[in-house]
Amino acid sequence: AVQRVFEQSQASMDPNRIVQILQQHPYHIDSLLTMYELYRSTGEQAYADEILERCLYALEMAWHPWFNPAGGNCRLDFEVEANRPLFTAIFRYMQKLSRQGLHSTALELAKLLMALDPTDPVGVFCWIDYLALRAHRFAFLQRLLEEYPDKTISLLPNMSYSAALAVWEAAQPGLAAAQRGKSGTASSSSSSSSKSSANGHAAPSASPMEALREPLVQAILLHPLALVRLMDKVRDQGAGKDSEWSDILANPLFAQASDGGSASLSHLVDLFVERHHLLWKATAVQAWLKEGCRAAIAASADGQASNWAAVRAETFPPSSENMYGDLRLIDFSDRVAAIPQEEARAAMEQMGPAGGAQMPLDMSPEELESMRSEAERLLQEHTRPGGRQLTEEELQGANPLMMLLRSMLPWVNAPDGPAEGAAAEEADDSSQP
């Protein structure tokens with residue numbers, strides 16, 4: 001009965017009716033998740049966090065005594081609708097912890113989501129590598145790619161580049177120590193080299209940096225489009241604007257890079273760029289990335305690019321169907337779409353002093369169906385990315401309540417609020433060598 005009332009309230013697009021439900025049923029999961037999204041969209045992060053924690057508490061209290069997620073052997077089918085709020089709540093909490101800089105804890109929640117449903121219905125594989133890099137869990141990321149049963153995950157754009165970055169980051173302490181000791185042992189090294197030559201032992205020919213570049217070169221050859229879009233994002237934020245980068249990106253390997261007609265690949269690249277671009281802004285990482293691009297250009301001249309292009313085409317065949325379309329770009333960003341104050345004010349004024357409480361909760365099936373049809377029409381006409389925008393006349397004649405809901409949708413062109421985790425991450429990146 002409560003769920004039916006919630007569905008009616010949701011169809012009415014009146015947030016105050018959701019509040020009424022929570023006043024009577026303070027632990028109704030769907031209502032809590034709805035209010036969490038509303039509070040977060042309006043910038044009330046403290047209230048949003050409180051609502052989310054209440055939701056998680058209610059879910060945990062409902063667990064069966066034998067349900068022990070820490071054991072790693074519990075499974076929940078996401079296709080069962082009753083299970084979905086748990087996935088949503090854990091995913092939102094993982095996002096919250098990451099924005100707060102608690103990347104290690106967020107990584108553990110990502111592992112939990114993977115364990116509950118290995119089919120990855122919420123897109124954890126587009127998050128977990130980022131969290132592992134932020135938490136400096138480089139060995140875990142490498143082990144995940146080596147031991148996970150589905151080997152195709154290593155061909156995802158984010159995994160390809162993150163695996164290379166993990167190898168490079170893991171080697172930095174050793175390289176720094178070697179560099180510090182190099183200046184103090186120059187004379188002894190020269191003497192040792194002479195002795196080795198006299199004994200017939202040759203010095204190793206491959207430099208450590210060449211070995212560190214190899215995974216990056218493979219990632220670039222596999223997904224050159226990801227490099228192009230990544231640099232577009234980074235350059236918009238002031239990095240990578242030197243002439244060397246301009247020359248590199250003008251090479252046919254990058255200038256002619258495309259998604260091969262695969263909507264899925266294009267979307268995955270966008271998710272990677274939105275979530276990971278801050279990791280690639282540091283000066284040292286940019287220098288290493290530049291060297292990797294030069295090596296990839298040289299390798300493409302030898303014909304290696306065509307081999308990787310064949311792998312890419314086999315993994316992501318041309319198709320207009322986006323298999324990852326349910327993964328929203330906003331869920332991989334630290335930016336929050338802010339509801340314009342004038343729209344919120346107009347909606348509240350229309351609802352009147354009672355805040356919409358005068359509307360009956362026991363609506364007839366005909367009224368409920370009418371509201372659902374109107375909501376679906378709005379979604380189809382105006383909420384697709386790149387879809388038709390409302391005209392001035394439509395805006396003036398529109399229901400402010402409907403416009404309030406529409407402005408909350410992540411892909412609508414609304415003013416951006418502050419990037420909650422971006423400032424901390426920018427400082428984190430600038431401190432890297």
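The values are calculated or read from the model by the stated rules, or taken from the named source; none is laboratory data. All values reported here derive from a predicted model rather than from experimental measurement. Cβ placement follows ideal geometry from the backbone for every residue including glycine, while neighbour counts extend to all protein chains displayed.
Details
- For the range 310-342, filtered to residues that are acidic (D, E) and over 23 Å from S154 (Cα atoms), the residue that is modelled with the highest pLDDT is D334.
- Count of residues meeting criterion [in contact with a Pro (Cβ under 8 Å, 6 or more places away or on another chain), among the hydrophobic types (A, V, I, L, M, F, W, C) and within 19 Å of A296 (Cβ to Cβ)] in the range 229-283: 6
- Restricting the range 276-303 to residues that are within 16 Å of G238 (Cα to Cα) and of a type in the set (S, T, N, Q), the residue that is surrounded by the fewest Cβ atoms within 10 Å (Cβ to Cβ): T283
- Flag if A70 is part of a helix (DSSP H, G or I), modelled with pLDDT under 90 and farther than 16 Å from D331 by Cα: yes
- Here L52 meets each of (1) surrounded by fewer than 15 Cβ atoms within 10 Å (Cβ to Cβ); (2) part of a helix (DSSP H, G or I); (3) modelled with pLDDT of 85 or more with one exception, condition (1).
- Residues being of a type in the set (F, W, Y) and closer than 21 Å to F316 by Cα - total across the range 236-290: 2
- Filtered residues of the range 101-124 (kept if under 25 Å from G325 (Cβ atoms), of a type in the set (S, T, N, Q) and free of Cβ contacts under 8 Å to residues at least 24 places away in the same chain): none
- Pair list, Cβ < 7 Å and 6+ apart or interchain, from the range 285-303 residues that are touching a residue at least 40 places away in the same chain (Cβ under 8 Å) to residues that are of a type in the set (D, E, K, R): K290/E244; E291/R213; G292/R213; A295/R213
- Only one of Q45, Q23 that is among the polar types (S, T, N, Q), surrounded by fewer than 19 Cβ atoms within 10 Å (Cβ to Cβ) and modelled with pLDDT of 90 or more: Q23
- Taken as a whole, the range 78-93 holds at least one residue that is under 16 Å from the mean Cα position of the chain (by Cα) and of a type in the set (S, T, Y).
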